[in-house]
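Okay, structure first, notes after.
The values are calculated or read from the model by the stated rules, or taken from the named source; none is laboratory data. Model, not experiment: these values are computed from the prediction. Cβ coordinates were reconstructed from backbone atoms using ideal geometry, including for glycine residues, and neighbour counts include every protein chain displayed.
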Amino acid sequence: EAEVAQSPRYKITEKSQAVAFWCDPISGHATLYWYRQILGQGPELLVQFQDESVVDDSQLPKDRFSAERLKGVDSTLKIQPAELGDSAMYLCASSLDRAPYEQYFGPGTRLTVT
Amino acid sequence: QQQVKQSPQSLIVQKGGISIINCAYENTAFDYFPWYQQFPGKGPALLIAIRPDVSEKKEGRFTISFNKSAKQFSLHIMDSQPGDSATYFCAASMGLGGSYIPTFGRGTSLIVHP
């Protein structure tokens, strides 16, 4: 069964350092999403891609976060510099296309900023 | 502002019992209501979803009840099993620019005792 792959699974970094997360969506899925899930809460959308284009990044803190999906396949989410409040689970999801197709989530990257 | 309120925060049920999780929403423009199941170390997975033109949807042991006038919906898990132990998230979404991005509740941690 095809799955969304993410790496690393866990990341510990010191504040002010740069950190990057990688996501490989299910093959053929045009839409890719990055979510942030704070412990004890539901996921919140950070950015949505349709192929290589950003569709929605209204909730992405652009002063420190960036995301790219250069060839419309895999994607990277970067934080620079990391802050203590960035500690969370970062989830990648993909869907065949935009609405109303089911989103398939990856296992996430657990980030701890010290 | 929390647009989707979920309760209870945690739930303990005996094997064979009924688990009930409730959600309420604010925005009447929401027109798609999915429930997600998340196991530790995994991303959320779509469990069942409903649109507001029906009052109930059943898939196996899982049933969504929807009350449009009260802006409430609930998940019922019949004959709960230890394997159902997970965190459950309700969500609500609406089409914006061709996308359906779920607004998640805070989640309910379900423990089913054998």
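Could you please find all residues in the stretch A:28-59 being at the interface with another protein chain (Cβ under 10 Å from one of its Cβ atoms) and crowded, with 22+ Cβ neighbours inside 10 Å?
Passing the criteria: A:Y33, A:Y35, A:Q37, A:G42, A:P43, A:Q48.
Looking at (1) crowded, with 21+ Cβ neighbours inside 10 Å; (2) out of contact with any Ser or Thr (no Cβ under 6 Å at 6 or more places or on another chain); (3) within 14 Å of another protein chain (Cβ to nearest Cβ); (4) not aromatic (F, W, Y), which is the only condition A:P25 fails?
(2)
Sort out which residues of the stretch A:74-96 are buried (at least 17 other Cβ atoms within 10 Å of the Cβ) and assigned to a loop (DSSP other than H, G, I, E, B), and write them in order of number.
A:A82, A:S87
Here is a check on your reading of the model: is B:V112 among the hydrophobic types (A, V, I, L, M, F, W, C), over 11 Å from the mean Cα position of the chain (by Cα) and surrounded by fewer than 20 Cβ atoms within 10 Å (Cβ to Cβ)? Talk me through it step by step, then tell me what you get.
Numbers: among the hydrophobic types (A, V, I, L, M, F, W, C): yes; over 11 Å from the mean Cα position of the chain (by Cα): yes; surrounded by fewer than 20 Cβ atoms within 10 Å (Cβ to Cβ): no.
In short, no.
Can you pull out every residue in the stretch A:67-114 that is among the β-branched types (V, I, T) and at pLDDT 95 or above? Full working, then the answer.
The first filter runs over the stretch A:67-114 and keeps only residues among the β-branched types (V, I, T), leaving A:73, A:76, A:79, A:109, A:112-114.
The answer is A:T76, A:I79, A:T109, A:T112, A:V113, A:T114.
Considering (1) within 14 Å of B:C23 (Cβ to Cβ); (2) more than 14 Å from the chain's Cα centre (by Cα), say which one B:P102 fails and leave the rest.
Answer for B:P102: the failing condition is (2).
Mind telling me which of the residues A:A5, A:A67, A:A18 ends up being away from chain B (no Cβ under 14 Å) and either crowded, with 20+ Cβ neighbours inside 10 Å or closer than 27 Å to B:T87 by Cβ (or both)? So that I can check it myself, show each step before the final result.
On the way: A:A5 fails: away from chain B (no Cβ under 14 Å); A:A18 fails: either crowded, with 20+ Cβ neighbours inside 10 Å or closer than 27 Å to B:T87 by Cβ (or both).
Just one listed residue meets the conditions, A:A67.
Search the stretch A:105-114 for residues being within 14 Å of chain B (Cβ to nearest Cβ) and surrounded by fewer than 22 Cβ atoms within 10 Å (Cβ to Cβ), and hand back the single one that is farthest from A:Q37 (Cα to Cα).
Across the stretch A:105-114, the extreme among qualifying residues is A:P107.
Regarding the stretch B:48-71, can at least one residue be identified that is within 14 Å of chain A (Cβ to nearest Cβ), without any contact (Cβ under 8 Å) to a residue 40 or more places away in the chain, surrounded by 14 or more Cβ atoms within 10 Å (Cβ to Cβ) and touching a Leu at 6+ places or on another chain (Cβ under 7 Å)? Lay out the reasoning, then the answer.
Of the stretch B:48-71, the ones within 14 Å of chain A (Cβ to nearest Cβ) are B:48-53, B:59.
Now narrow it down to the ones that are without any contact (Cβ under 8 Å) to a residue 40 or more places away in the chain: B:48-53, B:59.
Right, trim to surrounded by 14 or more Cβ atoms within 10 Å (Cβ to Cβ) and you get B:48-50, B:52.
Next, only the ones that are touching a Leu at 6+ places or on another chain (Cβ under 7 Å) stay: none.
No - not one qualifying residue is present in the stretch B:48-71.
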